[in-house]
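A short write-up of the structure that comes next.
No lab work stands behind these numbers, since they all come straight from the coordinates. Predicted, not measured: the structure shown is a model, and the values here were computed from it. Heads up, the Cβs are rebuilt from the backbone with ideal geometry, glycines too, and the neighbour counts pull from every protein chain shown.
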Amino acid sequence: MVTLQARPAAIEIDPAQTALVIVDMQNAFASKGGMFDLAGFDISGAPAAIEANQRLIHGCRAAGVQLVYLQYVYDAELRDGGGPESPNYHKELGMVMMRDKPELAGKLLVEGTWDAAIIDELTPVPGDKVIIKTRYSGFCRTETEDYLRSQNISHLLFTGIATNVCVESTARDAYFAEFFPIVIEDAMNHSGPDFNRQAMLWNFENVFGWVTKSAHVLAALEAKANAA
């Protein structure tokens with residue numbers, strides 16, 4: 001066990017029972033010309049989040065922490081996105097944009113497209129787990145919970161985009177599934193006004209889990225390595 005500095009209080013984690021969950025670090029959300037950028041969202045915070053993820057991925061792999069990538073992807077016919085009877089059909093940005101702008105049809109978050117791909121800087125390697133999802137939460141209609149149980153994982157470190165949408169949805173569901181959710185605030189980027197980010201972090205500090213920084217995670221893992 002190692003002590004991870006966090007808010008509202010430090011938390012003990014066992015690296016062997018911890019996973020780094022990287023949420024939707026895809027061109028759609030982090031790259032110029034991706035869905036968020038085309039929709040007018042500010043993606044200027046993405047480079048810093050990418051750099052923090054690079055450091056975390058390197059440190060977690062070295063420490064034996066399981067890496068789990070969540071990737072938001074629809075099939076080519078959008079069958080798994082839901083029809084008019086689904087709220088996802090009416091609210092998810094990619095689904096809406098592809099209907100409203102015919103030139104984007106089949107290009108946003110669709111399997112095999114550049115938009116849906118995980119960014120080059122954070123490409124998974126053999127041994128990492130990639131889980132496809134079709135809703136904001138990585139626990140909705142996926143193998144996520146079963147996989148984490150099979151690996152004896154109890155604590156989850158969250159990074160990704162968007163802080164206040166897919167990261168928050170997944171981390172909340174982790175809490176309800178009896179995992180310990182810990183969000184890494186400098187390894188995420190939010191959508192919309194900054195109060196969205198602030199509200200998410202307040203919720204996790206005070207209600208749903210813990211908030212930490214990449215430097216604290218890496219320091220805890222280094223301390224574990226030095227003690228071995």
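Quick look at the numbers
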{"read-out": "Residue order, fewest to most beta carbons within 10 Å, for ASP194, ASP14", "value": "ASP194, ASP14"}
{"read-out": "Pairs from LYS91/LYS133; LYS32/LYS129; LYS32/LYS107; LYS107/LYS213 whose Cα-Cα separation, in the structure shown, is over 24 Å", "value": "LYS32/LYS129; LYS107/LYS213"}
{"read-out": "17 Å tail of the calculated P(r), region 1-132, as % of Cα pairs", "value": "64 percent"}
{"read-out": "Percentage relative contact order, the chain, counting C-alpha pairs under 8 Å, at least six apart", "value": "28 percent"}
{"read-out": "Crossing angle, helix 194-203 versus the chain [Cα axis fit, 0-90 degrees, rounded to tens]", "value": "50 degrees"}
{"read-out": "Inter-part distance where region 1-70 and region 138-217 are each reduced to a Cα centre, Å", "value": "10 Å"}
{"read-out": "Size-normalised alpha-carbon gyration radius of region 154-228, reference 2.2 N^0.38 Å", "value": "1.13"}
{"read-out": "Kirkwood Rh, angstrom, region 38-89 [1 / mean 1/r, Cα pairs]", "value": "14.5 Å"}
{"read-out": "Acute angle (nearest 10 degrees) that the helix 46-63 long axis makes with the longest principal axis of the chain, alpha-carbon atoms", "value": "50 degrees"}
{"read-out": "Between 0 and 90°, nearest 10: helix 214-227 axis offset from the chain longest Cα axis", "value": "40 degrees"}
{"read-out": "Distant alpha-carbon pairs in region 54-147 (separation over 17 angstrom), percent", "value": "56 percent"}
{"read-out": "Share antiparallel - DSSP beta bridges, region 2-227, percent rounded to 5", "value": "15 percent"}
{"read-out": "Whole-number percent relative contact order across region 96-220, with pairs defined as alpha carbons under 8 Å at least 6 apart", "value": "17 percent"}
{"read-out": "Residues TYR136, TYR69, sorted so that the one with the fewest Cβ neighbours within 10 Å comes first", "value": "TYR136, TYR69"}
{"read-out": "Cut-off 14 Å between beta-carbons: net charge of the residues surrounding LEU201, Lys and Arg +1, Asp and Glu -1", "value": "-1"}
{"read-out": "Relative exposure of GLU103, GLU145, judged by other C-beta atoms within 10 Å (fewest first)", "value": "GLU103, GLU145"}
{"read-out": "Computed Rg/Rh of region 181-222, alpha carbon atoms with Kirkwood Rh", "value": "1.02"}
{"read-out": "Solvent-free Debye scattering, log10 I(q)/I(0), computed from the Cα coordinates of the chain at q = 0.12, 0.18 Å⁻¹", "value": "-0.61, -1.36"}
{"read-out": "Cα point-scatterer Debye curve for region 136-190, base-10 log of I(q)/I(0) at q = 0.23 Å⁻¹", "value": "-0.86"}
